[in-house]
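To start, the structure itself, in structure tokens.
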Amino acid sequence: LINHKEIILNLNEERSEGNWAWVRPGKAFRSCRLDKEYIMRSIDYCAEFGIDYVELDAGWYGPEGRVESDARKVIETRDFTMPEICQYAQSKGVGVWVYVNQRALYRQLDELLPLYQQWGISGIKFGFVHVGNQQWSTWLHSAIEKCARYHIMVDIHDEYRPTGLSRTYPHLLTQEGIRGNEEM
């Protein structure tokens, strides 16, 4: 088995046709405070120290546990807009990732992707994905494929186990929750 550790990866189709030059793996800095001043300082920090991306974590579009939280806009209690954050980051050579949980992704993905592309979002960190059964695995794989159409990279947070889909879709950069805090 040790000599065939890539078997799952290699059972997937080779990279899809097209130009994948937009896929740029890199280091990310999580901006844990979601106010304009702190985010801008985080972007400056990334630019100064060669960190490729700033990530806006949960809460930028509202409480992640509420179904009515709308990931198409920054919640009104925040003092920034996403276009201004992306524009500033871009001027510094830094990309922007956003955390969006599955509740919003499931309801709004087809609206989010063209909007995020317009804003200049580099990637989405998928949160609270359901894993294991066929329905949610099929949904997740479809969502990853859709992100490719809009040149948006993907990081899956939570217990998704790598299936080798990253061979077909190299913008699926990470699957970070394997036996992480979700197991506690």
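The values are calculated or read from the model by the stated rules, or taken from the named source; none is laboratory data. Computed from a predicted model, the values in this text were never measured in an experiment. Cβ placement follows ideal geometry from the backbone for every residue including glycine, while neighbour counts extend to all protein chains displayed. Note: accessible area is taken over every heavy atom of the protein model, side chains too, but ligands, DNA and RNA are not part of it. Shrake-Rupley method; radii C 1.70, N 1.55, O 1.52, S 1.80 Å.
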Residue within the range 35-52 that is out of contact with any Leu (no Cβ under 9 Å at 6 or more places or on another chain), more than 19 Å from Leu173 (Cβ to Cβ), among the hydrophobic types (A, V, I, L, M, F, W, C) and at pLDDT below 95 present: no
Identity of the residue in the range 11-22, surrounded by 12 or more Cβ atoms within 10 Å (Cβ to Cβ) and touching a helix residue (DSSP H, G or I) at 6+ places or on another chain (Cβ under 9 Å), that ends up modelled with the highest pLDDT: Trp20
Top-ranked residue of the range 125-146 - restricted to ones that are in contact with a Phe, Trp or Tyr (Cβ under 7 Å, 6 or more places away or on another chain), open to solvent by less than 50 Å² (accessible area, probe 1.4 Å) and outside any helix (DSSP H, G or I), ranked as modelled with the highest pLDDT: Lys125
Residue in the range 147-159 that is surrounded by 13 or more Cβ atoms within 10 Å (Cβ to Cβ), within 28 Å of Glu17 (Cα to Cα), of a type outside the set (Asp, Glu) and over 17 Å from the mean Cα position of the chain (by Cα) present: no
Checking Gly93 against (1) assigned to a helix (DSSP H, G or I); (2) within 18 Å of Arg24 (Cα to Cα); (3) over 11 Å from the mean Cα position of the chain (by Cα), the condition it does not meet: (1)
So Ile121, is it part of a loop (DSSP other than H, G, I, E, B) and within 11 Å of the chain's Cα centre (by Cα): yes
Failed item, numbered, when Ile121 is tested on (1) among the β-branched types (Val, Ile, Thr); (2) at pLDDT below 95; (3) touching a strand residue (DSSP E or B) at 6+ places or on another chain (Cβ under 6 Å): (2)
Residue list for the range 60-87, restricted to those being open to solvent by 50 Å² or more (accessible area, probe 1.4 Å), within 16 Å of Gln118 (Cβ to Cβ) and either touching a residue at least 60 places away in the same chain (Cβ under 8 Å) or part of a helix (DSSP H, G or I) (or both): Pro83, Glu84, Gln87
Test: Arg30 is open to solvent by 60 Å² or more (accessible area, probe 1.4 Å), of a type outside the set (A, V, I, L, M) and in a strand (DSSP E or B): yes
